[in-house]
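Working notes, structure below.
Here, each number is a calculation from the coordinates, and none is a lab measurement. Nothing here was measured: the structure is a model prediction, and the numbers come from that model. Backbone-built Cβ (ideal geometry, glycine too); neighbour counts: all protein chains shown.
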Amino acid sequence: MWANGATPGGVVKIASRLDQTQYDILTARFNQKYAGTGNAKRTMILDNAATWEPMSVSPEDAEVLASRRFSVEELCRLFQVPPPIIQDYTHNTFTNSAQAALWFAQFSLATWATKIEAEFARSVFVGDTHKLEIDLSGLTRGDFATRWAAWKIASDAGVLDANEIREIEGFNPRPVAAP
């Protein structure tokens, strides 16, 4: 239906068969009088029992972009991926865009990571001391303020010391102070 923009506005029906010359004349006159934006909405006058039958495309069929948008949104729902992650910014605000990666990590990736870890524990590491743990902390690397606020909390609570935090962040340890 959409190939080559084949969406005619209507059809001129003529009771008798036209020969090639008649067809060419009718086509040329029709295009001259009624085709193009300059001739839009002109009243059509037909003779010889010719009739005009409009061909309409339903609004639902004509909304290709809307149907594509719906497909994108449905796939996002199916796989629990926030639309901004796949670069669909139609319903975005600054706030929800900033939270998209966090939401994706918490509600989609974390769920899958938990399932994968459980399956490894059940089928690969049976009776073994090994354990698979999928680390999603790298997803917060783009959120500098939140990441460093978390390190401060961990340091203040005594969970991690400065050198452990530096190691996780990829920095060298602090030099040992001379006595």
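Can you tell me the dipole magnitude for the chain around its Cα centre, using point charges on the Cβ only (Lys, Arg +1; Asp, Glu -1), in Debye to the nearest 20?
About 700 debye.
Please identify, among Leu26, Leu139, Leu78, the residue showing maximal mean-square fluctuation in a Gaussian network model of the chain using a 10 angstrom Cα cutoff.
Among Leu26, Leu139, Leu78, the largest mean-square fluctuation in the Gaussian network model of the chain belongs to Leu26.
Between [x] 1.01; [y] 0.97; [z] 1.37, which entry matches Rg/Rh (Cα atoms, Kirkwood Rh) as derived from the coordinates of this structure?
Label of the calculated value: [z].
Could you work out the helix-only [θ] at 222 nm for the chain, with each DSSP H run of four or more residues adding -39,500 (n - 2.57) and the total divided by the number of residues, to the nearest 500 deg cm²/dmol?
Using -39500 (n - 2.57) per qualifying helix, the result is -14000 deg cm²/dmol.
In whole Hz, with x marking every Gly and Pro, tabulate ³J(HN,Hα) for region 117-123 from phi via Karplus 6.51 cos²θ - 1.76 cosθ + 1.60, θ = phi - 60°.
My calculation for region 117-123 gives 4, 5, 5, 5, 5, 6, 10 Hz in order.
Any idea what the relative contact order of region 8-56 is, in percent, if you count C-alpha pairs under 8 Å spaced at least 6 apart?
74
Within 10 Å, at most 16 other Cβ atoms, and a DSSP state outside H, G, I, E, B define an exposed site. Report the longest part of the chain free of exposed trypsin sites (Lys or Arg not before Pro).
The longest uninterrupted stretch comes out as 43-130.
Using a Gaussian network for the chain with springs between C-alpha atoms less than 10 Å apart, which of these wobbles most: Thr93, Thr114, Thr27?
So, out of Thr93, Thr114, Thr27, the one fluctuating most is Thr27.
Any idea how far apart Ile14 and Thr43 come out in nm if each label point goes 7 Å out from Cα toward Cβ?
Spacing of the two 7 Å Cα→Cβ label points: 2.3 nm.
Whole-Hz Karplus ³J(HN,Hα) for region 127-134, in order, using 6.51 cos²θ - 1.76 cosθ + 1.60 and θ = phi - 60°, x for Gly and Pro?
Residue by residue, region 127-134 yields x, 9, 8, 7, 8, 9, 9, 8 Hz.
What residues have an amide H closer than 5 Å to that of Gly10, excluding those fewer than 5 places away on the same chain, when H is modeled at 1.01 Å from N in the peptide plane?
Met55
Lys115: which lysines have alpha carbons under 16 Å from its alpha carbon, excluding same-chain residues fewer than 8 sequence positions away?
Here the lysines satisfying the reach criterion relative to Lys115 are Lys131.
Running a GNM on the chain with Cα contacts under 10 Å, which residue among Gln32, Gln87, Gln106 ends up with the highest mean-square fluctuation?
Checking each option, the largest mean-square fluctuation is seen for Gln32.
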